[in-house]
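Quick notes on the structure that follows.
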Amino acid sequence: MNAKTKTGQAEMRGMGTGYRMPAEWEPHEATWLGWPHNVSDWPGKLAPIHWVYAEIVRKLSEGEFVRILVQSKVHENRARRFLRRAHVNLDQVQFFQIPTNRGWTRDFGPIFVTQEQPCLQRTIARFRFNAWARYSDWKKDDQVPVRLAKCLKHPMVPVTYKGNDVVLEGGSIDVNGAGTLLTTEECLLDPHIQVRNVDMTRYDYETIFKDALGITNTVWLNKGIAGDDTHGHVDDICRFVNPRTVVLCQERNGYDENHRPLAENRERLEGALLQDGSKVEMIPLPMPSPLMFDGRRLPASYANFYIGNAAVLVPTFNDPNDRVALGILSDIFRDRPVVGIHAVDLVWGFGTIHCLTQQQPVLSVS
């Protein structure tokens, strides 16, 4: 790839052509998770979180490897005990002793891109991580892609722009695998709050997405949901479910603080186009009732589902709309079961299933 960053190109040293970021529903070789260990992620609730993880691993391991980051051999042995008691097939689970600060693998884990020319290859696009420009504990998480690339003997290339490393979290983007990407202005373009890349413009990001992920078309939504401490991750509001269709969260209660921003996102999508110039098809997805804990609203959203090979895992919140959301997604994903995962405890960490997982695509010709 041309490395002329001064003219406004992202630099991906060592990459060839024909690269792209596959869609989440495309076949996986594995799903990556970080086994929980940081009590500050779920203050007062860490104990039940292990069982939620065990259920996630049990469902995913029925269709792919689950690769789990652990702090040490002791930590690994503890995870194995939970998984055995949950009747997980441990032949489908692989452990990697790579220290992390926290457990949100979607955001700091490896982002894989594939390429077919000049040769079939899967590469880690090395973005940086700075804990959403909010927390101080991030240096171990930031090194996870580097350490995994060495451990797996896997190619990895840094993503830089105009000579600077690019910070990007996996939860801030969603792709259809055909050239279109979803993101939000609140997360990437706010010049004052949780700034990931100083002075970076819409054009700059679109250039990076094109060069690093094979994206030719970026759809910018406005804001995320209340309670989201990432400041606007798109995986809580809107997700591709096939190359032409998204599910979009909508709040029917006009008095709820999510009503107006989610309605504005719908208006934007009504005018948005896909990479081929056709309109984006939209399916509304309800929101659960506001979920509060310790006086704080939590970012509970059904859009934070994860598409595994053997199942679509959807967070549920003991809410009447659980059944509605599961029904909508079951009608969409007819090739694999849609499974609810109890996430009332999980969301106290300000994220749920999609935030915890990162897919590793199968290396194959599309």
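Laboratory data are not the source of any read-out in this text; all were calculated from the coordinates shown. These numbers come from a predicted model, not from an experiment. Please note: Cβ atoms are built from the backbone with ideal geometry, for glycine as well, and neighbour counts cover all protein chains shown.
Compute the Cα gyration tensor for the stretch 221-366, then decide on rounded, prolate or oblate, letting a ≥ b ≥ c be the square roots of its eigenvalues: rounded whenever a/c is under 1.5, prolate when a/b is larger than b/c in the other cases, and oblate in all that remain. Oblate shape, in that a/c is at least 1.5 and b/c is the bigger or equal ratio.
Backbone amide hydrogens, once placed in the peptide plane, bring THR316 within less than 5 Å of ILE341, HIS342, ALA343, excluding anything fewer than 5 places away on its chain.
When you count the other C-beta atoms within 10 angstrom of each residue and take the mean per peptide, 159-172, 182-195, 80-93 line up highest first as 159-172, 182-195, 80-93.
Please get the size of the charge dipole for the stretch 15-361, origin at its Cα centre, with Cβ charges of +1 on Lys and Arg and -1 on Asp and Glu, quoted in debye to the nearest 20.
Values: 39 positive and 42 negative charges, 241 e Å.
Dipole about the Cα centre, nearest 20: 1160 debye.
Close amide-amide hydrogen proximity is noted between ARG67 and THR31, TRP32, LEU33, GLN94, each under 5 Å apart and 5 or more residues distant or on a separate chain (H modeled in the peptide plane; Pro and chain starts excluded). Applying the Karplus relation 6.51 cos²θ - 1.76 cosθ + 1.60 with θ = phi - 60° to the stretch 295-308 yields 3J(HN,Hα) values of x, 10, 6, 9, x, 6, 7, 6, 6, 8, 7, 10, 9, x Hz, where x marks Gly and Pro. What the phi angles of the stretch 236-245 give under the Karplus curve with 6.51, -1.76 and 1.60, with θ = phi - 60°, is a coupling list of 9, 10, 8, 9, 5, 10, 7, x, 10, 10 Hz, glycine and proline written as x. 3J(HN,Hα) along the stretch 136-149, derived from phi through the Karplus expression 6.51 cos²θ - 1.76 cosθ + 1.60 where θ = phi - 60°, amounts to 8, 9, 8, 5, 5, 4, 4, 8, 4, x, 5, 5, 5, 4 Hz, with x in place of Gly and Pro.
Fewest to most neighbouring Cβ within 10 Å: what's the order for LYS279, LYS140? Mind dumping the intermediate values first?
Numbers: LYS279 12, LYS140 17.
Result, fewest neighbours first: LYS279, LYS140.
Decide, for the stretch 306-364, between rounded, prolate and oblate: order the square roots of the alpha carbon gyration tensor eigenvalues as a ≥ b ≥ c, take rounded if a/c falls under 1.5, and otherwise choose prolate if a/b is larger than b/c, else oblate. In terms of gyration-tensor shape, oblate.
Amide H contacts under 5 Å for ASN217: LEU181, restricted to partners 5 or more places along the chain or on a different chain, H placed in the peptide plane at 1.01 Å from N.
Note on the chain: helix-only mean residue ellipticity at 222 nm, from DSSP H runs of 4+ residues weighted -39500 (n - 2.57) and normalised by residue number, equals -7000 deg cm²/dmol.
How would you rank ASP322, ASP229, going from fewest to most other Cβ atoms within 10 Å of each one's own Cβ?
On the way: ASP322 19, ASP229 15.
Least to most surrounded, the residues fall as ASP229, ASP322.
Spatial offset of the stretch 138-188 relative to the stretch 208-235 amounts to 12 Å, using the alpha carbon center of each. Taking the charge dipole of the chain about its Cα centre, with +1 at Lys and Arg Cβ atoms and -1 at Asp and Glu Cβ atoms, the residue from ASN101, VAL195, PRO284 reaching farthest to the positive side is ASN101.
The candidate values are (i) 0.98; (ii) 1.03; (iii) 0.93; the one derived from this structure for Cα Rg over 2.2 N^0.38 Å carries the label (iii).
Could you put ASP174, ASP235 in order, starting from the residue whose Cβ has the fewest other Cβ atoms within 10 Å? Provide the component values of the computation, followed by the final result.
Values: ASP174 23, ASP235 29.
With the fewest neighbours first, ASP174, ASP235 line up as ASP174, ASP235.
Peptide packing: for 21-33, 101-113, the average count of neighbouring Cβ atoms within 10 Å per residue gives the ranking 101-113, 21-33, highest mean first.
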